[in-house]
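Here's the structure we're looking at; comments come further down.
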């Protein structure tokens, strides 16, 4: 088991103190470590559970926060939020890389493989919290992270579209401000979006970033991404 002080550090970061600390230790034990050390437990089952719990909580959060948005919008945003890339970011925010137990071979990994191990560890933590404290305790942590994570709001559609453009054209999308109108406290901005020099869509919003997001969303619908 992890040293008790390490467990306490993690519990303070997630804002939850386990009744059964063995669950937290298990959540941070990669299968490679259990094989190397010949121990009987690892975090794959908790990862499986945590994946489902995160999906439900994020879906509920998006429904509550976006009462006017349609299923297509909610689905795309949820896909980004629960993606391995994003869960890895959350794992790094909690510094799980300091606590995850892996084999000596896995310690040498870098890049996508290492990132995936950390993303899975975050899911395992949520699964462990669910088993130990119930749905509401897991929900508190996810709601806190999502509500404070400004990256989600500013990078969902633009991030998807950027990856698409780079993959297909080796270029970034180009956003051009077309017009702005209205009083200073409530302006409306309109931008046009171009990919590989070709006009794709317009977007409208109360800030340039919001207008760019709208343009990116419209482009994704038009291009059927």
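Table for the structure above
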| quantity | calculated |
| --- | --- |
| Residue exposure sequence - 122, 189, 48 - by fewest surrounding Cβ within 10 Å | 48, 189, 122 |
| Principal-axis tilt of helix 44-65 within the chain, Cα atoms, nearest 10 degrees | 40 |
| Sorted by Cβ neighbour density within 10 Å, fewest at the top, the residues 165, 192, 124 | 192, 165, 124 |
| For peptides 27-40, 126-139, sequence by mean Cβ density within 10 Å, most packed first | 126-139, 27-40 |
| Option label - Kirkwood radius over Cα pairs in Å computed here, alternatives (i) 19.9; (ii) 24.6; (iii) 19.5 | (iii) |
| Value at 222 nm in deg cm²/dmol, rounded to 500, when DSSP H runs of n ≥ 4 in the chain each add -39,500 (n - 2.57) | -20500 deg cm²/dmol |
| Net length gained if the chain between residue 84 and residue 52 were fully extended (0.36 nm per residue, minus Cα distance) | 10.2 nm |
| Angle in degrees between helix 150-169 and the longest Cα principal axis of the chain, rounded to the nearest 10 | 70 |
| Sequence of 206, 44, 123 once ranked by neighbouring C-beta atoms within 10 Å, starting from the fewest | 206, 44, 123 |
| Rounded FRET efficiency, nearest 0.05, which uses the C-beta distance separating residue 181 from residue 225 and R0 of 30 Å | 0.50 |
| Residues listed by number, the stretch 116-137, amide nitrogen under 20 Å from residue 6 label point at 7 Å toward C-beta | 116-129 |
| In degrees, nearest ten, helix 208-223 long axis to first principal axis of the chain (Cα) | 90 |
| Calculated FRET value between residue 204 and residue 39, using beta carbons and R₀ = 45 Å, to 0.05 | 0.20 |
| Peptides ranked, highest mean first, by Cβ atoms within 10 Å: ranges 208-219, 61-72 | 208-219, 61-72 |
| Mean separation of Cα contacts under 8 Å, 6 or more apart, over the residue count of the chain: relative contact order % | 18 |
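Where a number appears in this text, it was derived from the coordinates with a stated rule and is not lab data. As the structure is a computational prediction, the values presented were derived from the model and not from experiment. Positions of Cβ are generated from backbone atoms using ideal geometry, with glycine treated the same way; all protein chains shown enter the neighbour counts.
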